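Have a look at the structure below before the remarks.
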Amino acid sequence: MTAIEQTSEQTTKSRRGLLIWLIVSQILAVASLLFWLLVAATSVMAFDSGQTPQAWAFVITVWSYPIFPIAMAIGAWIAYARRKNILSAILSGLTFVLPLLLFIFLWIFSLIGFIGSGLHSYSY
């Protein structure tokens, strides 16, 4: 086996894990878009009390969400094709940043609300 064949075989093995990560992360990104459909369908209820700037901001923010994971997925596959493995892995992982931040935000504010309501129920 020549040195070129050995290097090619090592590169293929090292990129196999990245390829699996790209595929799994893209499947999870598509799953997040399925949940987004439910949120997007109900986001128009923000206009129930009339057209306000806050309602428009909310609806535009919700409806613009798919741009982020789609752009990150395209960038990840382009980086993978150009053999920029680290960049590809990072871009693929960034598809989860917005849902993760939203989850943390909701969790913190629910905890604050739970603690706040618990304190008020015991006051005399």
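The values are calculated or read from the model by the stated rules, or taken from the named source; none is laboratory data. No experiment lies behind these values; they were computed from the predicted model shown. Ideal geometry is used to build each Cβ from the backbone, glycine not excepted, and the neighbour counts take in all protein chains shown.
Starting from segment 60-81, take each residue that is under 29 Å from Phe47 (Cα atoms) and list its partners that are assigned to a helix (DSSP H, G or I) and among the aromatic types (Phe, Trp, Tyr), counting only C-beta distances under 7 angstrom and pairs at least six apart or across chains.
Here the result reads Tyr65/Trp36; Pro66/Trp36, each pair linking segment 60-81 to a residue that is assigned to a helix (DSSP H, G or I) and among the aromatic types (Phe, Trp, Tyr).
Considering only residues that are closer than 23 Å to Ala41 by Cβ and of a type in the set (Phe, Trp, Tyr), which ones fall in segment 82-108? Before the answer, list the steps.
If we filter segment 82-108 for residues that are closer than 23 Å to Ala41 by Cβ, which is where we start, we get 95-96, 98-103, 105-106.
Across segment 82-108, the qualifying residues are Phe96, Phe103, Phe105.
For Ser64, indicate whether it is under 22 Å from the mean Cα position of the chain (by Cα), closer than 24 Å to Val97 by Cα and exposed (fewer than 15 other Cβ atoms within 10 Å of the Cβ).
When the stated conditions are applied, Ser64 passes them.
Taking the condition of being at pLDDT below 90 and more than 26 Å from Val97 (Cβ to Cβ), how many residues in segment 1-46 meet it?
13
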